[in-house]
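What follows is a single structure, written as structure tokens, with notes after it.
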Amino acid sequence: MEMKHRKLPTTKDMRPEEFKNNDYLLRMAEELNRDGAGIVLGTLDDLINWGRSNSVWSLALGTSCCAIEFMALGAARYDMARFGFEVTRNSPRQADLLMVLGTINYRMAPVLKRLYDQMAEPKYVIAVGGCTISGGPFRKSYYVVNGIDKIVPVDVYIPGCPPRPEALFYGMMQLQRKIKMERFLGKRDRNEVPQGLMENKEEKA
Amino acid sequence: MIQQVTEKIKQWCPQAEVETAGETVVSVPADKLEDVCRKLHDDTDEPMDYMRDLVGVDHGEGVLGVYYLLESTRTGGRVMLRAEAKGGEENPLLPSVCRIWKTAEIKEREAFDFFGIRFTGHPDMRRLFLREDWKGYPLRKDYDMDSNPLELTSEVNADVTEEFNLRPDGTLERRENVVFNPDDFVVNIGPQHPSTHGALRMRTSLEGETVKHIDPVLGYIHRGIEKMNESLTYPQTLAFTDRLDYLSAHQNRHALCMCIEQAAGIEVTERVQYIRTIMDELQRIASHLLFYSCLVMDMGALTPFFYGFREREMILDIFEETTGGRLIQNYNVIGGVQADIHPTFVQKVKEFTKHMREIIHEYHEIFTGSVIARNRLKQMGLLSREDAISLATTGGTGRASGWANDVRKHHPYALYDKVDFKEIVYTHGDSWDRYMVRMDEILESCAIIDQLIDNIPEGEFRVKVKPVLKLPEGVFTASVESSRGEFGVFLVSRGDKSPYRLHYRSTGLPLVHAMDTVCRGNKIADLIAIGGTLDFVIPDIDR
């Protein structure tokens, strides 16, 4: 085993054998294969998911720097309309996706929670930037939430300070992949998912 | 210059002491403070009518103090006062100066929020950045960092506030002031609102459609940067400056580097000065282009937004090649810059300024000339010169009201005394002038860059500096003209490897504070457009 990994790059925080490319998606695929899907429902699912994944409307909760990079995504050079992301809604009632762009602190945390609760199912959350993932450079502050996954379940994490527009695209396309694999008809209530996530975390720990 | 002022203060108040560790600070006893401030403000030769900043400091052993940074708009002379709060740690008191300088209203609330210093005579002693149910004062040295756990319940914002006055016998008199009456019609704007440029919240009371009062609720992106600075070494503190006002990242970092270099006696090379000045101006253009894009989008136009970002991407490309970062560059370091300029830098910058000059007419054709823009900006949100100075709204906002306040012109740093440029000043103080100031400054910045770009001298891009730096004891300041006003650094060193107190003068805090004055009497539909022309960035306000 050791020989195999010798040439891989190592970082302080993570050993290469621990790195899994999107194990969440793998798990979903496994679940799909196991449970199977009917021809009618499965085809209908594919059609619906094709539509859903290509018109993800986001609620941009832009509190700081990352929001400016998100604006660059909307402009002509990066043009997120190519992927169907271009519609940003300013009301949580009309949004599928909560983009958290920037630091969330103790005063903003209840607002974030409330916005998430106000969104209609199915809903997704993308955590953009170091601050939303772990508190980032402000981790030791008395006022900064160390990761928004303490407040809302997160579907995709996009690291960076701020992430490049390409990184934002990559993250958002990961979400598209995820939506495409979901069972839309006869799916479980999403409210159960965060608990499932928590169990997995505990197992790892 | 400074001696004349200190002599004057000594005449008025013989107990005043002059400290000269680092910058000159005049220490004034608390009971004489209001009197001295009033006299400085009303002085006939050199009226100190612009309060740059008000900074609280915990001196340790139960002594809390406040520094007052004053400047005269007539002569440009500066003076720094210091006062110690009476009453020790339990009940620190200082007289309020908010009747002399309006900007002290919000700055004293900040000092109260961070240090618990109560200002007697201040009409509104509420917390500013922290939750209203917060316990303790975080910037005090003995603050327990774990004393306030994360709460997911929304706080209740009080509609009444407290005022404290000192009776002649030394006891406190508490009075209740009303922010909003129960029968006021209050509209809540933000913190999640697409046009407040970040997480800003304004509680706005209306009379029909007319704005009666705006109460800004800040702190939705307060990150406690000033407290964190106190446990970091000097080179480490640099990283936060880029993330304050991310549209002035270069300039903010420039100010902090300048302050530390000046305190440590480090001389940077001519080449570094050239690079820093050019980068500052590129950053200013990028910021003003974003200002244009955001303003037009707030007003409902989308096409000009693409124009603004088209040119902005060119600047970001130049930044990226040299610094590796697009929005946040982390480029200036103590003693120079992180890396030498990219071989194509000179050529690309020249291409850009040429292109910018040729294309700016498109911006004016699509928006400036439009009837809608003119009707919605002209004579809207008036700010008089006196109010601008009293509220300390520096930058383009002040210059649109006829207040010439460009730090580059009046207190030149880097190479600004060697280049020839015009300070753009308009006189009407309406939204239109605030917009035009920025549009004209784009061309002025191009002119500055053109004068420098061909003459970048050879030399070191960075002088060797010890990784762990110790600054001598004292108080040090530096200020630069950032994209949206005077950005100041205030540093108290006790000779350690990390600062004892490192405070930044927010460019946006006075601007948000001015919203009440500027918007009052205007229609609520114009509030967003007026806010857009004031051009604030919220993480810089909250710090």
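The values are calculated or read from the model by the stated rules, or taken from the named source; none is laboratory data. Bear in mind that the values here come from a model prediction, so they are computed numbers and not experimental data. All Cβ positions, glycine included, derive from the backbone under ideal geometry; neighbour counts span all protein chains shown.
Listed values, structure above:
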| read-out | value |
| --- | --- |
| Residue in the stretch A:136-158 that is farthest from the other protein chains (Cβ to nearest Cβ), counting only those that are within 10 Å of the chain's Cα centre (by Cα) and in a loop (DSSP other than H, G, I, E, B) | A:ASP155 |
| Residue within the stretch B:79-97 that is farther than 24 Å from B:VAL160 by Cβ, of a type in the set (D, E, K, R), touching a Leu at 6+ places or on another chain (Cβ under 8 Å) and surrounded by fewer than 17 Cβ atoms within 10 Å (Cβ to Cβ) present | yes |
| Residue among B:ASN148, B:ASN177 that is out of contact with any Leu (no Cβ under 9 Å at 6 or more places or on another chain) and of a type outside the set (Phe, Trp, Tyr) | B:ASN177 |
| Number of the condition not met by A:ASN21 [criteria: (1) more than 30 Å from A:PRO110 (Cβ to Cβ); (2) modelled with pLDDT of 70 or more] | (2) |
| The stretch B:170-207, subset over 22 Å from B:MET125 (Cα atoms) and part of a strand (DSSP E or B), residue nearest to the other protein chains (Cβ to nearest Cβ) | B:ILE189 |
| Filter result (free of Cβ contacts under 8 Å to residues at least 40 places away in the same chain and either closer than 23 Å to B:PHE487 by Cα or of a type in the set (D, E, K, R) (or both)) within the stretch B:49-71 | B:GLU61, B:GLY65, B:TYR68, B:LEU70, B:GLU71 |
| Checklist (1) closer than 30 Å to B:ARG543 by Cβ; (2) more than 14 Å from chain B (Cβ to nearest Cβ) applied to A:ARG34, failing item | (1) |
| Subset of the stretch B:477-510 (residues that are hydrophobic (A, V, I, L, M, F, W, C) and either farther than 24 Å from B:LEU391 by Cα or without any contact (Cβ under 8 Å) to a residue 60 or more places away in the chain (or both)) | B:VAL492 |
| Of residues in the stretch A:89-108 being aliphatic (A, V, I, L, M) and within 9 Å of another protein chain (Cβ to nearest Cβ), the one nearest to the chain's Cα centre (by Cα) | A:ILE104 |
| Yes/no for A:ILE133 being under 17 Å from A:LEU168 (Cβ atoms), hydrophobic (A, V, I, L, M, F, W, C) and either facing chain B (nearest Cβ under 7 Å) or free of Cβ contacts under 8 Å to residues at least 40 places away in the same chain (or both) | yes |
| Of all residues in the stretch B:493-511 being surrounded by fewer than 23 Cβ atoms within 10 Å (Cβ to Cβ) and of a type outside the set (Lys, Arg), the one that is nearest to the chain's Cα centre (by Cα) | B:TYR500 |
| Condition broken by A:SER58, with the remaining ones in (1) within 26 Å of B:THR196 (Cβ to Cβ); (2) of a type outside the set (A, V, I, L, M, F, W, C); (3) surrounded by fewer than 14 Cβ atoms within 10 Å (Cβ to Cβ) satisfied | (3) |
| Qualifying helices (runs of 4 or more DSSP H) (wholly inside the stretch B:365-434; at least 2 residues being touching a helix residue (DSSP H, G or I) at 6+ places or on another chain (Cβ under 8 Å) and surrounded by fewer than 21 Cβ atoms within 10 Å (Cβ to Cβ)) | B:371-377 |
| Condition met for A:TYR116 (closer than 24 Å to A:GLN176 by Cα, at pLDDT 90 or above and not hydrophobic (A, V, I, L, M, F, W, C)) | yes |
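Okay, residues lined up against (1) in a loop (DSSP other than H, G, I, E, B); (2) at the interface with chain A (Cβ under 10 Å from one of its Cβ atoms); (3) free of Cβ contacts under 8 Å to residues at least 24 places away in the same chain:
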{"position": "B:ILE106", "(1), (2), (3)": "no, no, no"}
{"position": "B:PHE114", "(1), (2), (3)": "no, no, no"}
{"position": "B:ASP133", "(1), (2), (3)": "yes, no, yes"}
{"position": "B:SER154", "(1), (2), (3)": "yes, yes, yes"}
{"position": "B:PRO168", "(1), (2), (3)": "yes, no, yes"}
